[in-house]
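First up is the structure itself, then whatever we jot down about it.
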Amino acid sequence: MDVETTNPSMWLSFPHVVVGTLSSFLFGYHLGVVNEPLESISLDLGFSGNTLAEGLVVSTCLGGALIGSLFSGWIADGVGRRRAFQLCALPMIIGASTSATTKTLAGMLIGRFLVGTGMGIGPSAVALYVTEVSPASVRGTYGSFIQIATCLGLMVALFIGIPVKEFAGWWRICFWVSTIPAGFLAVAMMFCAESPHWLYKQGRIAEAEAEFERLLGGSHVKYAMVELAKLDRGDDADTVKLSELFYGRHFRVVYIGSTLFALQQLSGINAVFYFSSSVFKSAGVPSDVANAFIGVANLSGSIIAMLLMDKLGRKMLLLWSFFGMAISMLVQVAAANTFVSGSASLYLSVGGMLMFVLTFALGAGPVPSLLLPEIFPSRIRAKAMAICMSVHWVINFFVGLLFLRLLEQLGPQLLYSMFASVCMMAVVFVKKNVIETKGKSLQEIEVALLPQE
């Protein structure tokens, strides 16, 4: 068996990965779409000044996402990765259309909930798909596409939201626009490759070979199939029971995965994304300028991460990223300090926030959703991913719900110090628990992580 010495061409799998990351673009778009237009939506639908209703418009989406992510593993395993993308696009199209045409708050919430279910299925589907169709040599680079696409989605949503003050009912257009990429995703997926790992697990060996040929090129098929066969000695036929994921031999990887997502969310990143405009407003920076800055910081961090992911490795990026986030939070604590003069505090709070977003995008943002499908053995990959994403959504939901209230009760200094200490805990956790996966095949990683029977 001659082992392939050259790496497969990355361009063969490139179009498939790009279509898949459309779901991340949509994800980012819907995260940011109500940010700017929220005021005019509340005026048009008659719940202006009702902060609870405004909070619901933002967080119903997250509730839907939790439901979607709970089922995402079963969907991806049951109907395949490609169909999972189409099932992610469908509620996004229906939900966005509902939100765009509604006359009532209830209609808006139903639309947001439907969009949310799509947003819940998307991240696991794309993380699985990108991990399973990309060659090991560029898997990290392709994994960063997910984060970059999410960034671009956020930026496009904020950009399209700019004319919302000038034109009555412009927010309806903001929702309509999102149906275009969603429709494209649903159609384009029909022409993309199915994940060979999934096909192999279904016992469709010949099809798996054909897809490997499309993704890696003819000369690499044999080697890829041998790698797949190494691990799979027929134990895939039995279904994965939930109990296996919570205790039993897979508990450790699921624990690492869930904790990484929990730490990522508790670091305060979404608080920054959701409420950046109000923080900047108090510093006297107009919100559109602020959002542009945040977007640029996020995007540049993600692009740097893409370039470093397969060179420095995932663990290094995670460690430095969380460390940088802790420092940035402490800068914001200093900014909130009464001893600091007005203008200095302004520069510190804006600078700290931008530095936080930049360092987040370097590692804590892109790495978990790439690392987890790498460290999960193939038979539990989709289900374990679903559980970790659900943890992510539950925490995301509560952060979104409680952040402003906590800010009022505790004040910025205490709250930001808490975020900083979570980031430092994350550094310790990563150092102790995370293994380096760059350049290894999924099979090698799996062998390295499985407890010796």
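Here are the numbers for this structure:
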| quantity | calculated |
| --- | --- |
| Packing-based ranking, highest mean first, of 57-68, 138-149, 100-111 given that Cβ atoms within 10 Å are counted | 138-149, 57-68, 100-111 |
| Pairwise label distance in nanometres, ILE162 with SER219, each label 7 Å out on the Cα-Cβ vector | 4.8 nm |
| Estimated inter-spin distance, ALA229 and LEU43, nm [label 7 Å along Cα→Cβ] | 6.8 nm |
| For LYS230, solvent-accessible area (1.4 Å; no DNA, RNA or ligand), Å² | 100 Å² |
| Extension gain from ARG405 to VAL177, taking 0.36 nm per residue of separation minus the Cα-Cα distance | 78.8 nm |
| Label-to-label distance, nm, for residues given as GLU436 and SER300 (7 Å Cα→Cβ offset) | 2.8 nm |
| Cβ-Cβ FRET estimate between THR101 and VAL428, R0 fixed at 56 Å, reported to 0.05 | 0.65 |
| Dipole magnitude (debye, nearest 20) for the range 242-452, charges at Cβ of Lys, Arg, Asp, Glu | 420 debye |
| Cα radius of gyration and Dmax for the chain (Å) | 21.8, 70 |
| Average accessible surface area per residue within the chain, 1.4 Å rolling probe, Å² | 40 Å² |
| Cα Rg, Dmax (largest Cα-Cα span) when computed across the range 308-453, Å | 18.1, 62 |
| Gyration tensor (alpha-carbon) shape descriptor, the range 10-193, a/c threshold 1.5 | prolate |
| Candidate lysines - alpha carbon under 16 Å from LYS222, same-chain residues fewer than 8 apart omitted | LYS230 |
| Solvent exposure ordering (accessible area, 1.4 Å, most first) of LEU407, LEU263, LEU87 | LEU87, LEU407, LEU263 |
| Where a label projected 7 Å from the Cα of SER243 along Cα→Cβ would reach, residues of the range 73-87 with amide N under 14 Å | none |
| Estimated 222 nm signal from helices in the chain, with DSSP H stretches of n ≥ 4 weighted -39500 (n - 2.57), rounded to 500 | -25500 deg cm²/dmol |
| Dipole-positive endmost among ALA336, LEU22, GLY111 within the chain (Cβ charges, Cα centre) | ALA336 |
| Nonlocal Lys pairs with alpha-carbon distance under 14 Å, the range 242-452 (8 or more apart, or different chains) | 6 |
| Which of LEU404, VAL285, ILE121, positive extreme of dipole for the chain (C-beta unit charges) | LEU404 |
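The values are calculated or read from the model by the stated rules, or taken from the named source; none is laboratory data. Since the structure is predicted, the reported quantities are computational estimates derived from the model, not experimental observations. Methodologically, a virtual Cβ is constructed for each residue, glycine included, from the backbone with ideal geometry; neighbour enumeration extends over all protein chains shown. SASA here: full protein model, heavy atoms, side chains in, ligands and nucleic acids out. Shrake-Rupley method; radii C 1.70, N 1.55, O 1.52, S 1.80 Å.
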